Amino acid sequence: MLDQYQPQVVEKKAQQQWNDADAYRVTEYAKDKNGNDKPKYYACSMLPYPSGKLHMGHVRNYTINDMLTRQLRMKGYNVLMPMGWDAFGMPAENAAIKSKVPPAQWTYANIDYMKKQLKSMGLAIDWSREMAACDPEYYRWNQWMFLKMLEKGIAYRKTQVVNWDPVDQTVLANEQVVDGRGWRSGALVEKREIPGYYLRITDYAEELLDCVKNKMDGWPERVRVMQENWLGKSEGVRFAFPHTIKNTNGELIQDGRLYVFTTRPDTIMGVTFCAVAPEHPLATLAAQNNPNLQAFIEQAKLGGTTEAEMATKVKEGQPTGLFVTHPLTGEQIEVWVGNYVLMSYGDGAVMGVPAHDERDFAFAKKYHLPIKQVIAVKDKEFTAENWQDWYGDKQVGYCINSAQLDGLTYKQAFEAVATLLAEKGLGEKQTTWRLRDWGISRQRYWGTPIPIIHCEDCGPVPVPEKDLPVVLPEDLIPDGTGNPLNKSESFLKCTCPNCGKPARRETDTMDTFVDSSWYFMRYTSPGNSEAMFDHRNDYWMPMDQYIGGIEHAVMHLLYARFWSKVSRDLGLVKFDEPFTNLLTQGMVLNHIYTRRNDKGGIEYFWPDKVENIYGDKGQIIGAKSLEDGKDVTYAGIGTMSKSKNNGVDPQSIIDTLGADTARLFVMFASPPEQTLEWSTTGVDGSNRFLRRLWTMAYNQKETIARAPVDLHNFADAPKEVKQLRLVAHQLLRQANYDYERMQYNTVVSANMKLLNAIEDAKLEPSNYSDAALREIIGILLRMLYPAVPHITYALWQELGFDKQFGDLLDAPWPEVDESALVADEIEMMLQINGKLRGSIMVPNGSSKEDIEALALNHPQIAKHLEGRTPKRVIVVPGKLVNVVG
């Protein structure tokens, strides 16, 4: 046995033994030693994007999963922990443009490197199930499922509004539009309507919402709320403002009805204007002879297309000169074009109620439009400053200035307005959703090809199943001038499956959320070239524990839930929800240091390249660069990021201090669901603990070797032995509880306390003390093993525990000895007149009279009573004695 801890030697040897034994390969229907089926447990972390290197967020995510996997395996479960790669997407294309190499080359090189990093962490991954989204054997099933959805009408084609970069000749994601310009070219982004494919996720909206509310108790409440808000179910009224506006052909535009939807029909009498989207037919008509309006509309079309962007956009508008009729009052309502109205949401028009909507209020004030109060609250005076405080509460207001609605509450007015509009044939109650159908078409190269062939005679034709996969060529290099598939004749040229004439392939690829919507089920059925997944999926799914970042709490999880429900309806799976339990781990944070350069840009500095300047209370108030000695601004704590130069490469820690040190720190520093602040001193402290652990084991090797293994009755053991066993089994019981709730920071804390107790114990050599140390060190190694598997695996073998319990990977989880938890003596606090004066040790089970006698004989009592007879003695069993003098 090495006399000092050498992590590189220890970890290399342990990993070699695991590899040689293929220790983490998992099979279905595994049996225990008695021939009984082991209970299954499927624990999965969200798959990483192969960006090039692991970051500490990866280390934290996968160590959480690894601790869960290893502990449950010791408890007799058949546990699956797989790994794969979210390998398609824009970062690979951007890297290809920069380095002038194909995205495939960049991606596969990154996968190879990151896989080595993951293996160096010692994770219990079953690599036989590895998948990569860019593998044709994986994405063929994206294509197959798309065709099945197309057959069922779940997938369909329609035009979509996209962000178009006229310089790069490509569609941009919303996050690539910065201040209305393309992130790379700087060109003003245009909105264009182009055809694309959609999936009818809205058909599942009600079920998705019902499950969130009633069937997902294992999910964090905040994630369920986020999902519910994204689905955005709203009860309201859809109604029309009639009009007589005609197009150039003399036809009524939209049959003479401008439709809007509102969740607050009780405010209908407060409408003073209507706003339509820049693409709305009324806007188009009005702009024909109005150059100013046309210019405004073109400007309004620039920028992103999301609700989030609309919410933060400066609200601007232009009048159209057109009017519609209020459906209840007959009043003429002016129509405006608003840059904040989206044509893709609802009917592309909104009613403006400035007195009772913050956005409408700001718009009306800006353009001097009427503001009419129609909701009041008893004893509340309406002002421009206070209405927001009470208007949102539907329970307190009532209608005013609203003719026949006056005095009605929200619910009463809702029903009355719906009835009045229905009688006029102008409206009805309606449920709307924030959720929109999932547009999966991306005008980018590095993704799953959409299996459609375009024929001049037949139109869009699905690729026959027998011809799948449609393989993406991997030798193309994007150059920033559009999708390179459009220039690849070898990819484009094909034959129409219907008529046999020359045709061209679809060049759009699928949204990468498709790849991540079902990968976890592909893990369950590796190697199956005949189906997406098979009967093995029925064994493993639904997943028992899913682990990932809160940033994926909405879109990824929502799409995965939708994909599973469609799979169920196609007869492929038997469950409703894919993830029984969800843990969203917190982000890893680090200090951020900046400086403005000569051009006004922000320059970031690595934390180890600056010297902090501290204030009076020890807080960081500034810094100086170690390179040039000049001042650096301290920008606080933020998420680790390559762009901010505050990331920490886990490989450097693994290479110097060992993977176990990195694992121990990220598990101990914070509860899994909370953010973790990076600390170099914390990392060093974790390494010192492991060195102490090794030194303790080395010093106790002979004791453990000579200790009797069959001594289990400690009734006659010295009290020091009993006290150490009491502490050990108390900590084991606490660790068991913390393992159950995945509070791994306190699990590590329990192990640190136990090591302290072992080091501090003053035991005289004897069979009792030797046996107790053997028992307790065996408990410590097993409790700590899921967090730091390499060092504990080595010590388990060096100390000979494998000969008693077998290999540590499958050693039985230690059991709490209830008899050890019964102390011979208990400590009780000693008070005199309510003030703490010390403590006394009392034999367990002592009577009230015996406790009083012990207390009165204590030296502190005589000292403070000074010969007086106590008035009474109050005994709180197991806690304290209070002598009142």
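The values are calculated or read from the model by the stated rules, or taken from the named source; none is laboratory data. Keep in mind that what you see is a predicted model, and the values were worked out from it rather than measured. Here the Cβ is made from the backbone with ideal geometry for all residues, glycine too, and neighbour counts use every protein chain on show.
So residue 342 fits all but one of (1) crowded, with 16+ Cβ neighbours inside 10 Å; (2) farther than 29 Å from residue 396 by Cα; (3) modelled with pLDDT of 95 or more; what number is the exception? Checking residue 342 against (1) crowded, with 16+ Cβ neighbours inside 10 Å; (2) farther than 29 Å from residue 396 by Cα; (3) modelled with pLDDT of 95 or more, the one that fails is (3). Please indicate, with yes or no, whether at least one residue in the stretch 322-336 is assigned to a strand (DSSP E or B), of a type in the set (Asp, Glu), in contact (Cβ under 8 Å) with a residue 12 or more places away in the chain and surrounded by fewer than 20 Cβ atoms within 10 Å (Cβ to Cβ). So far as the stretch 322-336 goes, yes, one or more of its residues are assigned to a strand (DSSP E or B), of a type in the set (Asp, Glu), in contact (Cβ under 8 Å) with a residue 12 or more places away in the chain and surrounded by fewer than 20 Cβ atoms within 10 Å (Cβ to Cβ).
Just the residues that are in a helix (DSSP H, G or I) and aromatic (Phe, Trp, Tyr), please, taken from the stretch 558-578.
Correct list: 559, 562, 563.
For the stretch 176-235, filtered to residues that are among the aromatic types (Phe, Trp, Tyr) and outside any strand (DSSP E or B), the residue that is farthest from residue 566 (Cα to Cα) is 183.
Rundown of residues vs (1) of a type in the set (A, V, I, L, M, F, W, C); (2) in contact with a helix residue (DSSP H, G or I) (Cβ under 8 Å, 6 or more places away or on another chain); (3) at pLDDT 85 or above, yes/no style:
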site	(1), (2), (3)
370	no, yes, yes
380	no, yes, no
390	yes, no, no
393	no, no, no
402	no, yes, yes
405	yes, yes, yes
415	no, no, yes
418	yes, yes, yes
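Among the numbered criteria (1) of a type in the set (D, E, K, R); (2) at pLDDT below 95; (3) outside any loop (DSSP other than H, G, I, E, B), which one does residue 598 miss? (3) is the only condition that residue 598 fails. Of all residues in the stretch 479-526, those satisfying the criterion of being of a type in the set (Val, Ile, Thr), within 25 Å of residue 184 (Cβ to Cβ) and either in a helix (DSSP H, G or I) or at pLDDT 95 or above (or both) are 507, 509, 512, 514. The single residue among 664, 711, 690 that is assigned to a loop (DSSP other than H, G, I, E, B), touching a Phe, Trp or Tyr at 6+ places or on another chain (Cβ under 8 Å) and not aromatic (Phe, Trp, Tyr) turns out to be 711. Summed over the stretch 532-569, the residues that are among the acidic types (Asp, Glu) and under 22 Å from the mean Cα position of the chain (by Cα) give a count of 2. Restricting 583, 558, 572, 589 to those that are of a type outside the set (S, T, N, Q) and within 21 Å of residue 437 (Cβ to Cβ) reduces the list to 558.
Contact map, the stretch 431-458: first residue touching a residue at least 24 places away in the same chain (Cβ under 8 Å), second residue surrounded by fewer than 16 Cβ atoms within 10 Å (Cβ to Cβ) and part of a loop (DSSP other than H, G, I, E, B), Cβ cut-off under 6 Å, separation 6 or more or different chains; pairs are 433/232; 434/232; 457/499; 458/498; 458/499.
Among the conditions (1) under 29 Å from residue 327 (Cβ atoms); (2) among the β-branched types (Val, Ile, Thr); (3) surrounded by fewer than 19 Cβ atoms within 10 Å (Cβ to Cβ), residue 262 misses just one, which is (3).
Scanning the stretch 82-94 finds one or more residues that are over 24 Å from the mean Cα position of the chain (by Cα) and surrounded by fewer than 19 Cβ atoms within 10 Å (Cβ to Cβ). The residues of the stretch 479-531 that are within 33 Å of the chain's Cα centre (by Cα), free of Cβ contacts under 8 Å to residues at least 12 places away in the same chain and at positive phi amount to a single one, 527.
Residues of the stretch 443-465 include at least one that is modelled with pLDDT of 95 or more, assigned to a helix (DSSP H, G or I), under 37 Å from the mean Cα position of the chain (by Cα) and not assigned by TED's automatic domain parsing to the domain that holds residue 266. When the test is whether a residue is under 35 Å from the mean Cα position of the chain (by Cα) and either crowded, with 17+ Cβ neighbours inside 10 Å or not aromatic (Phe, Trp, Tyr) (or both), residue 230 passes it. Counting only residues that are assigned to a strand (DSSP E or B) and under 14 Å from residue 352 (Cβ atoms), how many does the stretch 236-278 have? Summing the residues that are assigned to a strand (DSSP E or B) and under 14 Å from residue 352 (Cβ atoms) in the stretch 236-278 gives 9. Residues in the stretch 18-40 that are touching a residue at least 12 places away in the same chain (Cβ under 8 Å) and within 16 Å of residue 123 (Cβ to Cβ): 18, 23, 24, 25, 26. Considering only residues that are in contact with a Lys or Arg (Cβ under 6 Å, 6 or more places away or on another chain) and part of a helix (DSSP H, G or I), which ones fall in the stretch 92-129? Within the stretch 92-129, just 128 meets the criteria. Could you count how many residues in the stretch 834-860 are in contact (Cβ under 8 Å) with a residue 12 or more places away in the chain and either assigned by TED's automatic domain parsing to the domain that holds residue 723 or under 14 Å from residue 880 (Cα atoms) (or both)? Residues flagged as in contact (Cβ under 8 Å) with a residue 12 or more places away in the chain and either assigned by TED's automatic domain parsing to the domain that holds residue 723 or under 14 Å from residue 880 (Cα atoms) (or both) within the stretch 834-860 amount to 16. Here is a list of conditions, (1) under 28 Å from residue 152 (Cβ atoms); (2) in a loop (DSSP other than H, G, I, E, B), and residue 474 meets all of them except one; can you say which number that is? Going through the list (1) under 28 Å from residue 152 (Cβ atoms); (2) in a loop (DSSP other than H, G, I, E, B), residue 474 breaks only (1).
Looking only at residues in the stretch 180-222 that are of a type in the set (Ser, Thr, Tyr) and in contact with an Asp or Glu (Cβ under 7 Å, 6 or more places away or on another chain), which one is farthest from residue 443 (Cα to Cα)?
Filtering first and then ranking leaves 202.
Pairing each residue of the stretch 178-189 that is modelled with pLDDT under 75 with any residue that is among the charged types (D, E, K, R), provided the two are 6+ apart or on different chains, yields C-beta distances under 7 Å for 184/168. Annotation: residue 653 fulfils all but one of (1) surrounded by 19 or more Cβ atoms within 10 Å (Cβ to Cβ); (2) in contact (Cβ under 8 Å) with a residue 40 or more places away in the chain; the unmet one is (2).
The sole residue among 699, 736, 745 that is of a type outside the set (Phe, Trp, Tyr) and free of Cβ contacts under 8 Å to residues at least 40 places away in the same chain is 699.
Do the conditions hold for residue 702, that is, is it among the charged types (D, E, K, R) and within 26 Å of the chain's Cα centre (by Cα)? Spelling it out, it is not the case that residue 702 is among the charged types (D, E, K, R) and within 26 Å of the chain's Cα centre (by Cα). Of all residues in the stretch 138-159, one or more are without any contact (Cβ under 8 Å) to a residue 40 or more places away in the chain and assigned to a strand (DSSP E or B).
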